[in-house]
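Rule-based calculations on the coordinates, nothing more; no lab input. Keep in mind the model is a prediction, meaning the values are calculated, not measured. Positions of Cβ are generated from backbone atoms using ideal geometry, with glycine treated the same way; all protein chains shown enter the neighbour counts.
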Amino acid sequence: MNDADLTTDATDRQLLQRMAAGDRHALAILYRNYHGRLCRFLSRQTRRPEVIEEVINDCFWIAWQKAGDFRGDSRVSTWIMGIAYRCGLKALRQHGDEPVEDSNIPEERIPADDPDEDRVLRDWLSKGMERLSHDQRVVVELVYGEGHTLDDVAAIMQCPVGTVKARLFHARVKLRNVLPALAERSPIFKEQAP
């Protein structure tokens, strides 16, 4: 972890301690700090914004109730993502597994320098991600989208690190095989070809 990650985790730990003591303001701060990240993460699992919001609310309800039980074995972000992941799985069992359609994610949640170019790239990547299994999508999102370590992902998904490595390996192989074909079908990528 770099210095910024250590500082963020220390702040998050203080917020959890305050939450354990019943401080609702600390909950509100933690909620604001993680809401966007959780939206992006969960949007890879479902395209329905109401389900995403339900999962985030469930996640923070559990975090509120369990703040005093946080043992500190992992970063707070890993703990919160683990709760969100499990709440997401529960929601998917109830509502069905639907991969994301980027058109349903509000633009303010997806930073972009050049909206047209970023939209094409996001569409292309989303189509590739749809080809992955649910577990592979989650691993790719946690590692590359959220920057978690393989150990963190194993803690979040409650599985061995070897399983995470295998899912990531197979996801990369599948994406390496699928993305070039998807790029050939995209008019923007054809224009940029030499």
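Quote to one decimal, in nm, the extra length available between residue 133 and residue 159 on full extension: 0.36 nm per residue of separation minus the C-alpha distance between them. Kindly include the intermediate steps, with their values, before the conclusion.
On the way: separation 26, 0.36 × 26 = 9.36 nm, distance 1.61 nm.
Gain in length upon complete extension: 7.8 nm.
Roughly speaking, what is the stretch gain from residue 172 to residue 93, that is 0.36 nm per residue apart minus the C-alpha to C-alpha distance, in nm to one decimal?
Going from the current span to full extension adds 25.8 nm.
Give me the number: length gained by fully extending residue 32 to residue 61, i.e. 0.36 nm times residue separation minus the C-alpha to C-alpha distance, one decimal in nm.
9.1 nm
How far apart, in nanometres, would the label points at residue 69 and residue 23 be if each is projected 7 angstrom from Cα along the Cα-to-Cβ direction?
The two pseudo-label positions are separated by 2.2 nm.
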